[in-house]
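Beneath this line is the structure, given in structure tokens, with notes to follow.
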Amino acid sequence: MKKAIYAGSFDPVTLGHLDIIERASHLVDVLVVAVLENPNKKSLFTVEERKQHLELVTADLPNVEVASFRGLLADFATEIGATVAIRGLRNAIDFASEYQMYLINRKLNHQLETIFLAADEEHLSLSSTNAKEIAVFGGNIDFMVPEQVRPFVVQKYQEMHSV
Ligand code: ADP
């Protein structure tokens, strides 16, 4: 059984992430989408909230599981028996950082192979950061964030503005 892991912050999950998830789910038997818990990085949503969003948007993908982890991807992959890491590539900047990460992961875990999926051209400009920068000013994020997750983003900023 081929198990893969797709890790990220997903704060919030974007249509770009979802496209990678859908495409990767067709390549492997089980895809674990894993929220990286990084206590040093300030996030909009808690890890539990981000997991709930991922559960919602992947509900129709039977071989996709949602998890979270702390520490190294290389270690978590071993823990769950994943032999493939999925990464998305939008541009040369992504390539530079993702390639470095690939080299490091290879050193840390020889069993882990990385598969890079090129972003769809529709999603080249999408990032969680961009989505948050638009949403904070009440802008339209319909083309950035999956429909099921948009209300949570809008609500979060409404709560923050009402404090
Ligand atoms: P982090 O910020 O923790 O690196 P992200 O959640 O932004 O994580 O990204 C996780 C993975 O998804 C990375 O491989 C990244 O290149 C990829 N990714 C992010 N946005 C997109 C997008 N719009 N299209 C395709 N891949 C993407």
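Bear in mind that the values in this text are calculations on the coordinates, not laboratory data. Quick caveat: nothing in here was measured; it's all calculated off a predicted structure. Please note: Cβ atoms are built from the backbone with ideal geometry, for glycine as well, and neighbour counts cover all protein chains shown.
When residues in the range 1-53 are screened for being more than 9 Å from the ligand (Cβ to nearest atom), within 19 Å of GLU113 (Cα to Cα) and crowded, with 17+ Cβ neighbours inside 10 Å, 12 of them pass.
Yes/no per residue for (1) within 11 Å of the ligand (Cβ to nearest atom); (2) touching a Phe, Trp or Tyr at 6+ places or on another chain (Cβ under 8 Å):
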{"site": "GLU55", "(1), (2)": "no, no"}
{"site": "ASN63", "(1), (2)": "no, no"}
{"site": "SER68", "(1), (2)": "no, no"}
{"site": "VAL84", "(1), (2)": "no, no"}
{"site": "LYS132", "(1), (2)": "no, no"}
{"site": "GLY138", "(1), (2)": "no, yes"}
{"site": "MET144", "(1), (2)": "yes, no"}
{"site": "VAL149", "(1), (2)": "no, no"}
{"site": "GLN155", "(1), (2)": "no, no"}
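Within the range 84-103, residues that are in contact (Cβ under 8 Å) with a residue 24 or more places away in the chain reach partners that are of a type in the set (Ser, Thr, Tyr) and buried (at least 16 other Cβ atoms within 10 Å of the Cβ) with beta carbons closer than 7 Å, at six or more positions or on different chains, in the pairs ALA85/THR114; ILE86/TYR6; ARG87/THR114.
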